[in-house]
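Inspection log for the structure reproduced underneath, given as structure tokens.
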Amino acid sequence: MIRDTSAQDTVIAAPRKWRKVSLWLAIATLSIAGSATLFSSWASSKASVSMNRLAVAQVVRGTLVRDVAVNGHLVAAVSPTVYASAAGSVSLKVKAGATVKKGDVVAQIDSPEIINAYKREQASVEQLEAELARQEILAKKQKLLARRDADQAEIERVAAERTYQRIEAAGVAGVIAKIDFLKAQDALKSAEIRAKHAEAATGLEHADLDLALKTRQSQLQQQRINRDNAKRKVEELTLRAPMDGLVGTLAVADTSVVTANASLMTLVDLSQLEAELEIPESYVADLTLGMTVEMSLNGGAGGKIIGKLSALSPEVVKNQVLARVRLEGVPPTGLRQSQRVSARLLIEEKPNVLTIARGPFFETLGGRFAYVLENGIAQRREISVGATSVSAIEVKSGLKEGDKVITTGVDLFENAASVSIIN
């Protein structure tokens, strides 16, 4: 027989069909499971919204600048108001927008009552001056009379003393009687008493006249003070500019009758401008004097203006607090009084935090929830937020970096746990 190769051949078993089938079944099972998961998620969503009606932002890590956006207007840092010093007819000497220098006459008030009061006080001063001059003359006359009496008493004393001395010498010699000697002695004592009293009366008379003159002088001084006060009121009828600047607004018409302390006009110094901002009451606790403020004119003209917060009003009006901002550096040219500005107050910088762009979802969901977009499904998650700014929100928990959050249009979801997003 012819040998063949059957002795060298090895029998190989045929592949089992069930192993191929099991492989394909495993692949199919995984596909079905994934589809089932997607289907179950889609089926569990109670609504579907078109993607065209939504806006999505991604959670990122970076620096959060906490700030506040407010509106305000420019005001003159120095803007005094000119008031009427008295009631009367006012005559304006300037017009709105006119340039004035310190001391320039801006208005004149005609007040006959104040002018007449000044004239009366002046007449009283002149009357008292005349009375004081007459009193001084009378005082000199009274002093002379008192001195004459004192001198006459002194002469009589000296004469009595000489008579006594002669009688005393004669009495020793036995020329005169003792009775005459005693009479001369009594006359001397009487003359001495009269001279002593006359000198004392002269001193008292001088003191009395000096006090009378001092009283008259005090009355005159008081009347001069009244006169000067009345004169000051007359001078105040001429109103002058307290500073260099411009006439801002006129509160009254020319030749109109005004009451005392009525506002007449406002002067402004446009070389020293400040911004007056209206800040919501809820942000006031985070503000400190000296913090930086970025401002821009409405319309974007003039670029950014940098300032420092210089004052905060202690009063809250309609949930707003007024704040003053002092401009730093050289302000842009062409700024005007009451020009509207938009301001951004830089409160705090927080580096290396998770942030998400701020959108309507924050207010709609109260900052407690967010809708995260995954595989075409928006899932609602509970989140915790921290600091907020005009453009971003700090995320403390509930989201991770890279999550896609729906920021606009969540009001369409009606607080559903999940929502299908249709492309």
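Each principal axis of segment 269-358 carries a Cα extent, and these read 44, 31, 22 Å when sorted largest first. Computing Rg and the Kirkwood Rh from the Cα coordinates of segment 85-222 gives a ratio, Rg/Rh, of 1.56. Gyration tensor over the Cα atoms of the chain: the corresponding equivalent ellipsoid has semi-axes (square roots of 5 times the eigenvalues, largest first) of 115, 31, 17 Å.
Let me check I've understood the local charge: for Ala76, count other residues with C-beta under 11 angstrom from its C-beta, Lys and Arg +1, Asp and Glu -1. What total comes out? Neighbour charge sum, excluding Ala76 itself: -2.
In segment 229-288, a dipole from Cβ-located charges (positive for Lys and Arg, negative for Asp and Glu) runs towards its positive end, and of Asn261, Ser271, Thr288 it is Asn261 whose Cα lies farthest in that direction.
With a cut-off of at most 13 other beta carbons within 10 Å, and DSSP calling the residue loop, which trypsin sites (Lys or Arg not before Pro) in segment 99-169 qualify? Please list them. Listed in order of number, the matching sites are Lys101, Lys102. For segment 270-323, GluC sites (Glu not before Pro) are listed when DSSP marks them as loop and at most 12 other Cβ atoms sit within 10 Å of their Cβ; the list is Glu315.
Sorting Lys350, Lys396, Lys95 on solvent-accessible area from highest to lowest, probe radius 1.4 Å, gives Lys95, Lys396, Lys350. Largest first, the residues Phe361, Phe369 sort by 1.4 Å accessible area into Phe369, Phe361. Counting each pair of different Cα atoms once, what's the Kirkwood radius of segment 60-159 in Å, rounded to one decimal? 22.5 Å is the Kirkwood radius here.
Rounded to the nearest 20 debye, the dipole magnitude of segment 247-317 is 180 debye, with +1 charges on Lys and Arg beta carbons, -1 on Asp and Glu beta carbons, and the Cα centre as origin. In segment 110-162, the C-alpha radius of gyration followed by the widest Cα-Cα span (Dmax) gives 23.0, 79 angstrom. Positive end of the dipole of the chain (Cβ unit charges, origin at the Cα centre): among Leu412, Leu312, Thr333, the Cα lying farthest that way belongs to Leu412. Inter-part distance, segment 83-156 to segment 355-377, computed on C-alpha centroids, equals 82 Å. Rg of the Cα atoms in segment 221-274, relative to 2.2 N^0.38 Å, amounts to 1.57. Evaluated with a Cβ-only charge set (Lys, Arg +1; Asp, Glu -1), segment 109-258 carries a dipole of roughly 540 debye about its Cα centre, given to the nearest 20. Accessible area per residue of the chain at 1.4 Å probe, in Å²? I get 63 Å² per residue for the chain. Since only Ala87, Ala123, Val65 are under comparison, the one whose Cα sits farthest along the positive direction of the charge dipole of segment 61-159, derived from C-beta charges on Lys, Arg, Asp and Glu, is Val65.
Of the solvent-accessible surface of the chain, computed with a 1.4 Å probe and all protein chains present, 53% belongs to carbon and sulfur. Taken about its Cα centre, the chain carries a charge dipole of roughly 1260 debye when the Cβ of each Lys and Arg holds +1 and the Cβ of each Asp and Glu holds -1. For segment 336-423, the set of GluC sites (Glu not before Pro) satisfying both a DSSP loop assignment and a count of at most 10 other C-beta atoms within 10 Å is given as Glu414.
The values are calculated or read from the model by the stated rules, or taken from the named source; none is laboratory data. What you see is a predicted model; the values in this text were computed from it and never measured. Heads up, the Cβs are rebuilt from the backbone with ideal geometry, glycines too, and the neighbour counts pull from every protein chain shown. What goes into the accessible areas is simple: the full protein's heavy atoms, side chains included, and nothing from ligands, DNA or RNA. Shrake-Rupley method; radii C 1.70, N 1.55, O 1.52, S 1.80 Å.
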